[in-house]
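One structure below.
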Amino acid sequence: MITADDVLELPVAPRAPAGLRSLLPANSVAVSIVIPAKNAAAYLAETLASALTQGDVGEVIVVDDGSTDDTVAIVRAVRDPRLRLLHNDAAGVSAARNLGARHANGEWLLFLDADDRLRPGAVAALLSAARGAPRAILVYGDYNTIDGEGRQIGRRDLLRGRRKPSGDVLVQLTAGNFIVNGGIVLTRADAFRAVGGFDVSLRYCEDWHCWCRLAAIGEFAFAPKLLLDYRLHTSNTMNAAVRTPQDFLPAVARVFDDGLILARLPEGAASGLRQAAEIHLVTYSAMQAVRFGRYREAFAYLAMIGRLSLGSLPRAAIRVALARFGI
């Protein structure tokens, strides 16, 4: 049995070598989907179905993180030779993702949360965007939101045609995470390993830190389509009522204390970008508070933004208002 001792360590990575983007042989696995799962029985079958029906997926790796429900039984009941099960002994979601990535055979990695769903054709759309941007080491798309029963609650389809950053995105990304973690991120496996994977010391926003390290060594590409159903429910780690902006600030400190990232930022830019990142996370907290009907908290977070930067308040208020309508 593979245990938590097998997880990736986090070295300070150098700039990616010139051969980082070399193609694998034609008969190699194109995409490995990694699904960390802990007590995910309520949604896992649906998530697995959405992954296994994608084209160009050579394997789906479920990393059980010490489940006590029927998670393992659900995986074992699926008869598909592409499905693999690893065990992580409750070492945490970042360690689970790292473990899956370590044992993946694909040229590309896609991390899918165990309660989300890939939309039909999602992987094909991401690979198409990758072919159109051969220098990209990470390709990402957009998402809509669903509730615990799988019903669509988001209206992000109204943002049709919206463009997000592509190319050298490091400055924009350090100012705030515009990439949601989950199945809309496709990253080259060699690049992910080069930056050391997810930092297991971070409890929240570990995805943002990892994306920033990737942005420090290569380009990104955006596929302007809704490719993921992102499930919002009260047990979500990021959406639980007890979370506050203070929970997310350690990730800000980690990003702006990371030598790989700082070496690529323009001289003198870190201070302003750090404040922008803090405002972004407070805004995110306010948006989530509104989505769950916690309006008093949302107003308190907007007041916090006003104290940090009065000029940032109008844009934050608009984003929070749009969140009320699922946008």
Each label sits 7 Å from Cα toward the beta-carbon; between Arg294 and Gln246 the label points are separated, in nm, by 1.3
For region 79-233, the dipole about the Cα centre with charges only on Cβ (Lys and Arg +1, Asp and Glu -1), to the nearest 20 debye, works out at 420
Between the alpha carbon centres of region 280-321 and region 54-98 the gap in Å comes to 36
Expected sort for Phe111, Phe256 with the fewest Cβ neighbours (10 Å cutoff) up front is Phe256, Phe111
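Every read-out reported here was derived from the displayed coordinates using simple, explicitly stated rules and does not represent laboratory data. Just so we're clear, the structure is a prediction, and the values are computed from it rather than from any experiment. A quick note on method: Cβ atoms are made from the backbone with ideal geometry, for glycine too, and the neighbour counts reach across all protein chains shown.
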